[in-house]
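I have placed the structure first, in the form of structure tokens, so that the comments after it can refer back to it.
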Amino acid sequence: MNEKEIIDPWSSNLPENYRDIINNFGLEKFNVHDFPEPNLLMRRGIIFAGRGLGIISKSIKQKKKFYILTGIMPTADKVHFGTKSVIDMAVYFQKHGAETYVLVADLEAAATRGVDLQTAKKRALEIHIPCYVALGLDLKKTKFYFQSSNQDVTNLAFEISNKATLNEYKAIYGNAEPSRIMSSLLQVADILHPQLKEQMPGIIPIGIDQDPHMRLARDIASRASKFKFILPSSINHKFVPSLTGDLKMSKSEGNSLFLLDSDKEIKDKISKALTGGQKTLKEQKELGGNPDKDMIFELFRQHLIENDSELKKREEDYRNGKILDSENKEYATKLLIEFMNDFRKKFEKAQKEVKKSFD
Ligand code: TRP
């Protein structure tokens, strides 16, 4: 996929680009009215597209069985705020009746990033999974698994491997390295395996960069007729820009927030964040700032301000020059520190629970 075509650092000032993505890749536009009690990512256009959304909306409304499944590579010791968004979506669907699967993509990380399985396991059990639980996933109701120890998934990956061709791979992925072929077949098996026991719709919340896997999963699901899979659905969120406004989910240390960051890290990072303010105080008061090009507002929208009217008022005040960057940053710092203090307590509790349940 052409990166230029699909990556956009701003959530709201380049709607044409996201429209292009939807058109070019045959995605469905996400319609917030189709889903009950939408969370803030859904209400604020961060969730913007998907595939097969109708069947999921119907499953929720008619209280029919469906599943949510997501996977995360254990490439770092820290959990990025972009991952928080994925888990927030998993929590949303779990609360709306979905069977929940969260996998640690340790085999993919080994094949594509050189992370050894032992390190991946330690990280996942000590940090990642406790973070997901602290974000609100119900440990008892969530099936966590490692790719490397789920035989159903590996078996399925082998069985479906004859349903794709090398030409198709090249068309979808551009190139076809063995590590990628293995990882993507495994991912397709991850996505479909909950249906081995019972046919049902499934929703996969992913960044748009993962959409090629979704296309492959849907193609394979329709060809592997003996399994009678219902085509899996997906829901896509926009890229989370780094605090300095860099493209993509920039996971580099200094300019991105991570769960469990210390008060000092939060203060330092927020102080350096890119804002939509003017060059001078005088200009800011006269001309106002642009909340659409402001990483602090990005945080308010995606993570920190739950109340829609509070957010709207703050955006207006910023546009009108009533709120300055320094005040915004101070408020964001305060909210983040509060969030993190609360999160840290939940994390420590979750760490103990996870340890017990995986022993
Ligand atoms: N490829 C995903 C990533 O880069 C991880 C992943 C593996 C995944 N299996 C999955 C995501 C199934 C969603 C569904 O992080």
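The values are calculated or read from the model by the stated rules, or taken from the named source; none is laboratory data. Remember, predicted model here, so these are calculated numbers, not experimental data. Because the Cβ atoms are built from the backbone with ideal geometry, glycine has one as well, and the counts that use them run over all protein chains shown. Side chains are part of the model used for accessible areas, which takes the heavy atoms of the whole protein and leaves out ligands, DNA and RNA. Shrake-Rupley method; radii C 1.70, N 1.55, O 1.52, S 1.80 Å.
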Matching residues in the range 156-171 - criterion: being open to solvent by 40 Å² or more (accessible area, probe 1.4 Å) and either under 17 Å from Glu108 (Cβ atoms) or not assigned by TED's automatic domain parsing to the domain that holds Leu103 (or both): Phe158, Ser161
Residue within the range 78-95 that is away from the ligand (no atom under 14 Å from the Cβ), open to solvent by 10 Å² or more (accessible area, probe 1.4 Å), out of contact with any helix residue (DSSP H, G or I) (no Cβ under 6 Å at 6 or more places or on another chain) and over 25 Å from Leu304 (Cβ atoms) present: no
Given (1) β-branched (Val, Ile, Thr); (2) away from the ligand (no atom under 14 Å from the Cβ); (3) closer than 29 Å to Phe339 by Cβ, number of the condition Thr165 does not satisfy: (3)
The range 286-296, residues that are part of a helix (DSSP H, G or I) and in contact with a Phe, Trp or Tyr (Cβ under 7 Å, 6 or more places away or on another chain): Pro291, Asp292, Lys293
Pairs with Cβ under 9 Å, 6+ apart, first in the range 37-64 and under 10 Å from Ile235 (Cβ atoms), second basic (Lys, Arg) and open to solvent by less than 30 Å² (accessible area, probe 1.4 Å): Leu41/Arg301; Ile47/Lys238; Phe48/Lys238
Yes/no for Thr142 being open to solvent by 20 Å² or more (accessible area, probe 1.4 Å), over 14 Å from the mean Cα position of the chain (by Cα) and more than 12 Å from the ligand (Cβ to nearest atom): no
Tally of residues being open to solvent by 70 Å² or more (accessible area, probe 1.4 Å), within 18 Å of Leu139 (Cα to Cα) and basic (Lys, Arg) across the range 327-359: 6
One residue from Lys349, Lys329, Lys355 being in contact (Cβ under 8 Å) with a residue 24 or more places away in the chain, in contact with a Leu (Cβ under 9 Å, 6 or more places away or on another chain) and in a helix (DSSP H, G or I): Lys355
Evaluation of Asn155 against (1) part of a helix (DSSP H, G or I); (2) under 22 Å from Met73 (Cα atoms); (3) within 14 Å of the ligand (Cβ to nearest atom) (one fails), failing number: (3)
Residues located in the range 328-355, provided they are more than 30 Å from Asp317 (Cα to Cα) and not aliphatic (A, V, I, L, M): Arg344, Lys345, Lys346, Phe347, Glu348, Lys349, Gln351, Lys352, Glu353, Lys355
Ile296 vs. criteria outside the structural domain of Asn31 (by TED's automatic domain parsing), of a type in the set (A, V, I, L, M), out of contact with any His (no Cβ under 7 Å at 6 or more places or on another chain) and within 21 Å of Gly45 (Cα to Cα): yes
Sole exception among (1) part of a helix (DSSP H, G or I); (2) under 25 Å from the mean Cα position of the chain (by Cα); (3) at pLDDT 95 or above for Tyr318, by number: (2)
